[in-house]
Amino acid sequence: MKFQRVLLGLIAASVMAMGGAQAAKVKIGVVLPYSGGAAQFGEQIDRGMNLFIQQHKGAFGGHEIELIKRDSKRPGGDIAKNAVQELITREKVDLLTGFVFSPNAMASAPLINQGKVPMVIMNAGTAWIPSLSPYIARVSFTMWHAGYPLGGYAMNKLGCKTAAIGYTNYPPGKDSRNAFTTGFEKAGGKVLEAIPMGGPRQVPDFTPFFQRVKNAKPDCFYIFVPAGNHAVAVVKTYANLGMKGAGIKLIGPGDITQDTKLQDMPKEAEGMITVHHYSADYKTPVNMAFVKAWKAAYGADTTPDFMGVAGYDGMAAIAHAITAQGGSVSAEGTMKALSGWSYDSPRGKITIDPETRDIIQDSNVHKIVSKGGRMMVEVIDTIPQVKDPCKANGIGKCK
Ligand code: PHB
């Protein structure tokens, strides 16, 4: 991997910002997939982090930050855990961030407890992860921000009385299945079957799973896959099997209609309903400025997606925590600084919930539309300022 160590001299603004106090150097360990099939996620988050840093040189209170990057490669947990061990013991990082895949954050939790190093999660969405350590805060989402409200929406607004579920068989997939099932059954819906569809590492052939669902004839087919190439394959299989024509509505969290993948999807994507907290197509001034800056930095043919915005907002959270602690970062100090922290993000208002250390944000209902030959997200409904429903309702491991 190139650029493993990135020193960002932010001293220039320091003297004025700190009123003469000593500038500190803060070491931030970044654990992301930088190679293999998931490298596209690492790149999104990396770009989001870098865009924030470029735009907000003064936001770090004049302290110098050093990003020490490590490649977590796979979702398995082992490589990320080794990287975290090395970052804590050898590099003596003050703070850890990144973490696309839930198992990687989970496997690292005991180490951050022992080392008392705070972790700001930029993706990994399994709801109960923060309960593994008091030093975890999350700026992304939980699987329940989308799955649970979509359960109610499918029944009440989409008229789906029955549903089938397909999910990638690892912790966030099971969590997403539980979130949708809870919301859907609470609204009176009936889940006909829930099908595990392989692991996160490789895109499976979805055909046999989808054929089973087609035969069961549910009104809605709810799917969680970990975005990326999985999502494109999902919509292609749905199209190839003629499931749209058979009257089965394809729904899920916004991971299956990721901004960066929308243009690779067949026309059958049109009409899909997903729930999520971000799309590059949001027409707010903050988001339009963010997308414009992104394209200027990385190319007109690039777009941020929910991972990019998490990298951006995560760095905003880290900048706030560093500044609030005067550059002397501790686990307790970071959690205190992030508790109740609010930010005007490109996705809308976000707050770190002081009770759960998880994010509070709008869950938006997205409809995929085709305009001028481009697949786009249209926001058709909003559930404002959602606290993780798994913890709010004390369900399962969230008790
Ligand atoms: C996760 O592993 O928690 C995860 C990965 C990719 C997603 C969502 C969740 O799109």
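Descriptive notes on the structure:
- Shown here for region 108-165: trypsin sites (Lys or Arg not before Pro) in loop regions (DSSP other than H, G, I, E, B) with at most 16 other Cβ atoms within 10 Å, namely LYS116, LYS157, LYS161.
- ARG212-ASP264 FRET efficiency (beta carbon distance; Förster radius 41 Å; 0.05 resolution): 0.95
- Debye intensity ratio I(q)/I(0), log10, region 238-280, q values 0.16 Å⁻¹ (C-alpha model): -0.41
- For the chain, the antiparallel share of DSSP beta bridges with both residues in that region comes to about 40%.
- Between the helical axis of 78-89 and the longest alpha-carbon principal axis of the chain there is an angle of about 20 degrees.
- Phi angles across region 276-287 convert, under the Karplus curve 6.51 cos²θ - 1.76 cosθ + 1.60 with θ = phi - 60°, into 3J(HN,Hα) values of 7, 9, 8, 8, 5, 7, 4, 9, 8, x, 4, 6 Hz, Gly and Pro given as x.
- On a per residue basis, the convex hull of the C-alpha atoms belonging to the chain measures out at 122 Å³.
- Computed about its Cα centre, the charge dipole of the chain is approximately 460 debye, with only Lys, Arg, Asp and Glu carrying charge at their Cβ.
- Every Cα-Cα pair of region 135-240 was included, and the share exceeding 19 Å stands at 43 percent.
- FRET efficiency for ALA392 and LYS295, using Cβ-Cβ distance with R0 set to 30 Å, rounded to 0.05: 0.25
- Taking every protein chain into account, the 1.4 Å probe leaves GLU185 with about 100 Å² of accessible area, to the nearest ten.
- Here the Karplus curve 6.51 cos²θ - 1.76 cosθ + 1.60, taken at θ = phi - 60°, turns the phi angles of region 201-207 into couplings of 6, 10, 6, x, 7, 6, 3 Hz, with x standing for Gly and Pro.
- Where the chain is the region considered: accessible area per residue in Å², 1.4 Å probe: 38
- Of the trypsin sites (Lys or Arg not before Pro) in region 198-299, the ones in a loop by DSSP (not H, G, I, E or B) with at most 11 other beta carbons within 10 Å are LYS283.
- Anisotropy class of region 319-399 from Cα gyration tensor, a/c 1.5 cut: oblate
- Remark: region 183-193, residue by residue, has Karplus-estimated 3J(HN,Hα) of x, 6, 5, 4, 7, x, x, 10, 8, 6, 7 Hz, where x stands for each Gly or Pro and the curve is 6.51 cos²θ - 1.76 cosθ + 1.60 at θ = phi - 60°.
- For THR284 and VAL6, the difference between the fully extended length at 0.36 nm per residue and the C-alpha to C-alpha distance is 96.9 nm.
- Acute angle (nearest 10 degrees) that the helix 102-115 long axis makes with the longest principal axis of the chain, alpha-carbon atoms: 30
- FRET efficiency, VAL369 to ALA324 (Cβ-Cβ, R0 30 Å, nearest 0.05): 0.10
- Relative intensity, log₁₀ I(q)/I(0), of region 33-115 from a Debye sum that treats every alpha carbon as a point, q = 0.13, 0.15 Å⁻¹: -0.45, -0.59
- Helix-only mean residue ellipticity at 222 nm for the chain, each DSSP H run of n ≥ 4 adding -39500 (n - 2.57), per residue, nearest 500: -11500 deg cm²/dmol
- Size of region 91-160 from its Cα atoms: along the principal axes, largest to smallest, the extents are 54, 17, 16 Å.
- Accessible area of region 260-352 belonging to carbon and sulfur atoms, whole % at 1.4 Å probe: 58
- Reach of LYS69 by Cα under 13 Å, taken over aspartates and glutamates that are not fewer than 8 positions away in the same chain: GLU43, ASP46, GLU86, GLU91
- When each of LYS116/LYS387; LYS283/LYS371; LYS190/LYS217; LYS27/LYS295; LYS190/LYS249 is checked by Cα-Cα distance, pairs over 21 Å: LYS116/LYS387; LYS27/LYS295
- Against the criterion of solvent-accessible heavy-atom surface with a 1.4 angstrom probe, ASP305, ASP344, ASP264, ASP46 sort, most first, into ASP344, ASP264, ASP46, ASP305.
- Apportionment of accessible area to carbon and sulfur, region 31-186, percent (1.4 Å): 49
- Here's how it looks for SER363: its modeled amide H is under 5 Å from those of ILE383, GLN385, VAL386, which are all 5 or more places away or on a different chain.
The values are calculated or read from the model by the stated rules, or taken from the named source; none is laboratory data. A quick note: this is a predicted structure, and the numbers were derived from the prediction, not measured. Virtual Cβ from ideal backbone geometry, glycine too; neighbours counted across all protein chains shown. All accessible areas refer to the heavy atoms of the entire protein, side chains included, with ligands and DNA or RNA removed. Shrake-Rupley method; radii C 1.70, N 1.55, O 1.52, S 1.80 Å.
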